Each structure stands twice: as structure tokens, then as C-alpha cells.
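Just below is one structure, and these are the notes that go with it.
The values are calculated or read from the model by the stated rules, or taken from the named source; none is laboratory data. Here the structure is a predicted model, which is why all the values come from computation and not from measurement. Here Cβ is always computed from backbone atoms with ideal geometry, including for glycine, and neighbour counts include all displayed protein chains.
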Amino acid sequence: MKIWPLIAASFAATTLTAHGAETHTPASYPTHEVVRYVMECMADHGGQSWGSLYNCSCKIDTIAAELSHDEFVAEDTAERGKHLAGERGGVLRETELAEDLRSRYDRLDDQAEKRCFSDVQPHVKGDADSR
């Protein structure tokens, strides 16, 4: 299944932002960061399908609405760093700042998961299970 055209289209759609107050969107994130997040999310949710693409794009959109790119990088780094072994990893595992960053990231991730992966999945033409 060729999913890359849909990925490109979904990122093009995120370039529209509201006027007025500062708004965080995936458009303010580097494309490679959004693609990495969506690809990892899809791998965690059953692989490449139209449904997981839709849901994972929703998830990064939800997170991006709450966090600037710099905040996302800091919180994502703290989350990934909790698995680093050794003394260097201690900074990302054991400091109060890292714990606060992980706590906020986990809260936002859980909210996005609930919003985007509810029991009612969208019917997306092209999914293998929609035949």
C-alpha cells in the first residue's frame, strides 16, 4: 500500500493556522519531526494503514496544539531518556525537571490518545478492514 501520498497531504493540510493568539500547530514543527512521530505512532498501533495514519496525525495535531516545538523536543527527550542506562542517562531519569517534563508529556499523550483513538474508529476508504 502506498501511504506516502496521504502522509504528504495530511502535512500540507496542517499548514493552515488561526489568526490572533499564538497557536501551536504541526506546521510550526519541522516536517521530519512530525513524520517521525507519526511513523513511530503507526508502528505502535498496528502498522501502516489509513486508519492508523489518520489517528496518529490527529495525535500529533493534538499535542502540537498544546506545545511549542521547543517544549515538545524537551518533553520528548525526557520521555525517551528515561530508558538510558548509566550516569549520563541519570540526568534524564532522576532529575525533578525531567520528571516534570515526563509527567506533562504523559498527560498530553494520554489526552491525545483518548481523543484520537476512541472506540469509534473512522471508516477510511482503503483500509484492509473496511472491505
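Might you check whether a residue that is under 25 Å from Ala98 (Cβ atoms) and not aliphatic (A, V, I, L, M) occurs anywhere in region 47-55? Can you show your working first?
Residues of region 47-55 that are under 25 Å from Ala98 (Cβ atoms), as a first pass: none.
No, region 47-55 contains no residue that is under 25 Å from Ala98 (Cβ atoms) and not aliphatic (A, V, I, L, M).
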Long-range neighbours under 7 Å by Cβ, at least six apart or interchain, first residue in a loop (DSSP other than H, G, I, E, B) within region 40-51, second acidic (Asp, Glu): Ser49/Asp127
Within region 69-109, considering residues that are aliphatic (A, V, I, L, M) and assigned to a loop (DSSP other than H, G, I, E, B), the one nearest to Arg36 (Cα to Cα): Leu84
Taking the criterion of being surrounded by 12 or more Cβ atoms within 10 Å (Cβ to Cβ), modelled with pLDDT of 50 or more and within 19 Å of Glu79 (Cβ to Cβ), would at least one residue in region 2-23 satisfy it? no
Go through the residues of region 78-99 one by one and say whether even a single one is of a type in the set (Gly, Ala, Ser), out of contact with any Pro (no Cβ under 8 Å at 6 or more places or on another chain), over 16 Å from Arg115 (Cβ atoms) and modelled with pLDDT of 85 or more. no
